[in-house]
1. Starting with the fewest neighbours, write out Cys195, Cys143 ranked by other beta-carbon atoms found within 10 Å of each beta-carbon.
2. Tell me whether the range 65-221 comes out rounded, prolate or oblate; compute the Cα gyration tensor, take square roots of the eigenvalues as a ≥ b ≥ c, and use a/c under 1.5 as the rounded threshold.
3. Exposure proxy check: Phe134, Phe66 ranked by fewest other beta carbons within 10 Å?
4. Treating cross-link reach as a plain straight distance, find the lysines whose alpha-carbon is under 30 Å from the alpha-carbon of Lys176, omitting any fewer than eight places away in the same chain.
Amino acid sequence: MRRRRFFSHAGGALTVGAAALGLPGLSSLARAKRGRRPTVPYAETRERNRAMFEGMFELEVPLLDFDWIVVHHTAAEYATLEGIDRYHRNHFGDPLGAEYHFVINNGKKRPVEKPIGLVEQARWRHQEWAAHLFHPERAPGSCAICLIGNFEKRALPEEMLDACVALTRALMKRFKIPVERVTTHRGVDRRLTQCPGKHFPREEFLRRLSEAAPAETAEAVEAEPADEAP
Ligand SMILES: [Zn+2]
């Protein structure tokens, strides 16, 4: 694989990534300390995502020329980016770890730090192609988004779908990718995989991508100025 850049230790790179995403609000941390079930309001997470989308194209490395967007799931409910990174580094011998450009959390593991719907940059930070398809030639130049969870077994939470739509829209806009080049892993590899699961609402996802972005933003976050739509 062609590499533009190596990090001497991946831990450092991950720390920078986490810091760039910002920390959970103090109120969330306080709730967690008191021992209650920690929850972060999705409105807060949506703001963190929005801030991340605004900065994500400003990298020290040149952006790849993405032409497709492909959605996956982990099929594991309690996964984290760090765990996926470790697994893919060991499994594929790839020093850059996770073979996805982004992950979207389900809030099950480390729910305060990684609340439901939180988008994290994975391989995106390195701007390297990911080995995420059996038939990459069917979706050349693809950007891989991975939903954490098993959507063969359960429905996709609305927060995760909302985050997936917002992230995909930001990528479509930047790289001028039409909705016809947004698909799922199964959409590319067909019978070789169920990913991202039979409960992934493919039709609704594609329909929402086709809708005008400002309308959805105004509906979901009423207090938001409409000109901030990603
Ligand atoms: Zn997949």
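1. Values: Cys195 24, Cys143 27.
Fewest-to-most ranking of Cys195, Cys143: Cys195, Cys143.
2. Rounded, because the longest to shortest axis ratio a/c is under 1.5.
3. In increasing order of surrounding Cβ atoms, one gets Phe134, Phe66.
4. Here the lysines satisfying the reach criterion relative to Lys176 are Lys114, Lys198.
All of the numbers you see were taken from the coordinates with simple rules; none came from a lab. What you see is a predicted model; the values in this text were computed from it and never measured. Methodologically, a virtual Cβ is constructed for each residue, glycine included, from the backbone with ideal geometry; neighbour enumeration extends over all protein chains shown.
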